[in-house]
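Structure first, then comments.
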Amino acid sequence: MTFKLSGTFWASRGTIAYSQAKTVMCMDERILLKGLQEAIRTAATELPVDVVDAISRARDKEESTGAVQLSAILENAEVARRNSVPMCQDTGIQTFVVRVGVKFPLLSSLRCVIEEAVRCATRDVPLRPNTVDPFTGQNPGDNTGHHIPYILWELEEGDACLIHLLPKGGGSENCSALRMLPPGVGLAGVKRFVIDHVVACGGKPCPPGVIGVGIGGGADLAMKLAKLSLLRPVGDRHPNMSVARMEEELLDLINESGVGPMGLGGRTTALDVHIEFAHRHPASLPVGLVYQCWADRRKLVTVDGAGHVEVS
Amino acid sequence: MDTILRTPFDERAIRDLRAGDTVYITGSVFTARDEAHQVLLQAAHSGEEIPFHPEEMAMFHCGPVVQKEASGWNIVSAGPTTSIRMEMFEAEFLRTYSTRLIIGKGGMGAQTLEALADVGAVYTHFTGGAGALAARAIHRITGVHWLEKLGMPEAVWLLEVEKFGPLLVTMDARGNDLYKDLAVLIDDNMKKIYARIEGEA
């Protein structure tokens with residue numbers, strides 16, 4: 001039952017076989033399982049307060065069509081919270097960013113506990129079964145499959161663990177983009193790519209949402225940084241002043257476009273822009289863009305070394 | 001006063017609608033995404049009869065979350081999906097089945113716009129992702145087809161709705177298209193945006 005890194009790791013067979021075999025859990029694992037199920041449920045049913053506030057402020061600035069769309073979104077969020085039902089029928093691909101200490105006691109069983117939480121939540125919330133085998137078209141019906149739920153691992157010092165949930169729908173994920181720009185276009189070229197792409201997407205990704213941008217690194221790192229930037233709340237500015245300025249400028253320029261709520265015209269196309277960066281190769285200027293729809297669903301599960309679980 | 005349209009829709013009432021109007025609907029709706037369009041068109045090609053009446057119902061581009069209970073299927077969350085994916089099927093679908101009202105999000109293309117005018121139908125927008133709000137107006141599920149074959153999101157679900165909306169008519173049967181009008185305005189705004197970016201560089 002030990003999990004070994006080997007050639008088959010890349011086919012994920014080892015991890016899936018391991019999870020399915022794990023039917024008996026110790027007390028700490030069961031507590032974590034409950035916490036994760038609660039986090040998956042509340043992520044799907046409760047729109048974060050920072051997003052609700054941003055949409056409320058945006059509604060006050062919109063006229064007619066835009067105001068009707070934003071009011072419907074706010075009313076929808078309220079109905080979902082009150083009745084504890086998913087705010088959007090697309091409950092997404094279950095995605096987890098795990099920042100785990102190397103001495104965290106449950107490190108070895110973390111993957112299977114997360115997978116089990118996804119299975120239970122799919123049945124109980126319920127979530128839409130959203131995992132399809134690209135070759136056979138089969139849907140196992142429990143939101144798991146090859147490499148899914150998707151878990152991004154970040155190893156850290158210590159014995160605690162932070163598990164970020166980012167369930168993201170297909171409509172907005174389809175509006176992701178990567179551009180390997182020639183470095184000569186500079187930051188003006190980066191801005192132009194971001195704005196052109198967001199405007200070209202129009203109403204498809206359910207605006208107003210959050211635009212995640214990753215600049216630098218290679219192709220994969222730029223996309224990863226763009227997605228990680230979405231863990232930040234609406235209104236949060238990057239600690240680096242130059243980056244923070246570009247976030248504000250891009251937000252302003254995107255909202256000048258007039259695409260508006262749901263692509264029906266108006267002043268609010270994006271609620272925020274978040275940028276993360278990495279050093280780049282001299283020959284490359286990769287820009288990754290990940291579009292988050294208005295249903296900016298985020299949750300955090302914190303576990304300390306003694307096994308205390310908190311959902312926020 | 002809110003305009004409430006009831007199924008089966010009257011062709012004249014539908015042709016009278018203009019892009020920009022807001023309506024609600026009461027009556028029968030069927031869901032259809034990419035694969036349902038394919039299945040329904042294949043049925044028409046092979047002369048098969050289908051188990052419901054698309055000409056008397058509204059079509060909803062939607063893959064809902066549903067739950068099976070002792071009393072039957074229960075709708076949980078049911079917002080619209082992105083309609084443009086269905087552009088490759090929609091004109092033929094409308095001409096084959098004469099559905100008079102489409103509910104979706106994001107709008108559709110030129111071929112659909114032309115078919116809407118031919119058939120006497122409109123395309124309406126429901127707020128994307130507002131699945132809980134939509135579910136509140138869906139009173140019950142009256143049937144489901146091709147569930148085994150297509151899975152929960154892609155199956156055809158038959159729904160009874162009451163005052164479902166607000167639905168914004170964005171493409172009407174007279175060739176008007178709000179998305180096209182807006183594109184002209186956005187192009188104009190983009191010129192100013194580019195000038196601002198270049199000005200700083």
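Derivation of every value follows stated rules applied to the coordinates shown; laboratory data play no part. All of these numbers come straight from a predicted model, not from anything done at the bench. Every residue, glycine as well, gets a Cβ built from its backbone with ideal geometry; the counts of neighbours run over all protein chains shown.
For the protein assembly as shown, what does the helix formula give at 222 nm: sum of -39500 (n - 2.57) over DSSP H segments with n ≥ 4, over the residue count, nearest 500 deg cm²/dmol?
Numbers: 16 runs with 199 residues, N = 513.
Calculated mean residue ellipticity at 222 nm is -12000 deg cm²/dmol.
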Of the residues B:R85, B:R12, B:R33, which exhibits the maximal mean-square fluctuation in a Gaussian network model of chain B defined by a 10 Å Cα contact cut-off? B:R12
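Report the antiparallel proportion of the DSSP beta bridges in chain A as a percent, rounded to a multiple of 5.
Numbers: 26 of 41 bridges.
Beta bridges within chain A, antiparallel portion: roughly 65 percent.
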D (Stokes-Einstein, µm²/s), Kirkwood Cα radius, the range A:37-188, 1.567 mPa s at 4 °C: 72
Cα-based shape type of chain B, given that a ≥ b ≥ c are square roots of the gyration tensor eigenvalues and the cut on a/c is 1.5: prolate
PRE reach from A:E38 (point 7 Å along Cα→Cβ): which of the range A:142-182 fall under 20 Å by backbone N? A:160-167
Here, the range A:54-104 modelled as identical Cα point scatterers in vacuum has Debye log10 I(q)/I(0) at q = 0.26, 0.30 Å⁻¹ of -0.96, -1.06
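Please find the FRET efficiency linking A:A244 to A:A306, where r is the Cβ-Cβ separation and R0 is fixed at 41 Å, and quote it to the nearest 0.05.
After rounding to 0.05, the efficiency reads 0.65.
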Which whole-number percent is the relative contact order of the range A:96-185 (Cα, under 8 Å, 6+ apart)? 46
Can you pull the Kirkwood radius for the range B:35-148, inverse mean 1/r over Cα pairs, to one decimal in Å? 15.0
Among bridges DSSP assigns within the range B:3-200, what percent are antiparallel (round to 5)? 60
Considering Cα pairs under 8 angstrom that are at least six residues apart, work out the relative contact order of the range A:11-151 and quote it in whole percent. 30
Please report A:F277, B:F52, B:F30 as a ranked list, fewest other C-beta atoms within 10 angstrom at the top and most at the bottom. B:F52, A:F277, B:F30
In the range B:57-73, which residues have a backbone nitrogen under 16 Å from the label point lying 7 Å from B:R140's Cα in the Cα-to-Cβ direction? B:67-73
Projected label distance in nm at A:R57 and A:H279, using a 7 Å step from Cα toward the beta-carbon: 3.6
Can you sort B:M108, B:M171, B:M190 so the residue with the fewest Cβ neighbours within 10 Å comes first? B:M190, B:M108, B:M171
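Can you figure out the FRET efficiency of B:K163 with A:L155, using R₀ = 45 Å and their beta-carbon distance, to the nearest 0.05?
The value I calculate is 0.25.
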Partnerless Cys - chain A, beta-carbon criterion under 4.7 Å: A:C26, A:C88, A:C112, A:C120, A:C161
Base-10 log of normalised Debye intensity for the range B:42-92 (one unit scatterer per alpha-carbon) at q = 0.20, 0.28 Å⁻¹: -0.99, -1.11
Expressed as an acute angle from 0 to 90° and rounded to the nearest 10, what is the orientation of the C-alpha long axis of helix A:241-256 relative to the principal long axis of chain A? 60
Where a ≥ b ≥ c are root eigenvalues of the Cα gyration tensor, a/c under 1.5 meaning rounded, otherwise prolate if a/b exceeds b/c and oblate otherwise, the range B:1-97 counts as oblate
Return the distance in nm (one decimal) between the two label points of a simple spin-label model at A:L107 and A:C26, each offset 7 Å from Cα along Cα→Cβ. 1.4
Quick one: net charge of B:A91's neighbours, Cβ under 13 Å, K/R +1, D/E -1? -4
Just in the range A:67-119: which trypsin sites (Lys or Arg not before Pro) are loop by DSSP and have at most 10 other Cβ atoms within 10 Å? none
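For chain A, state the semi-axes of the equivalent ellipsoid (square roots of 5 times the eigenvalues of the alpha-carbon gyration tensor), sorted largest first and rounded to whole angstrom.
So the three semi-axes of chain A are 33, 24, 18 Å.
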Residue exposure sequence - A:W153, A:W294, B:W157 - by fewest surrounding Cβ within 10 Å: A:W153, B:W157, A:W294
Once you put a point 7 Å from the Cα of B:K68 and another 7 Å from the Cα of B:E114, both along the Cβ direction, what distance in nm separates them? 4.4
Rounded tilt (10° steps) of A:27-45 against the dominant C-alpha axis of chain A: 30
Given axes a ≥ b ≥ c from the Cα gyration tensor, I'd like to know whether the range A:170-292 is rounded (a/c under 1.5), prolate (a/b larger than b/c) or oblate. prolate
Apply the Karplus parameterisation 6.51 cos²θ - 1.76 cosθ + 1.60, with θ equal to phi minus 60°, to every residue of the range A:65-73 and state each ³J(HN,Hα) to the nearest whole Hz, in sequence, with x for glycine and proline. 3, x, 5, 4, 5, 5, 5, 4, 5
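Can you name the helices of chain B, as whole DSSP H runs, whose Cα span along the helix axis is 18 Å or more and whose Kyte-Doolittle mean is not below 0.5?
Within chain B not a single helix satisfies the rule.
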Please report, in whole Å³, the volume per residue of the convex hull around the C-alpha atoms of the range A:26-117. 119
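Over the range B:3-200, calculate the relative contact order: mean separation of alpha carbon pairs under 8 Å at least 6 apart, over the residue count, as a percent.
Dividing the mean separation by the residue count of the range B:3-200 yields 28 percent.
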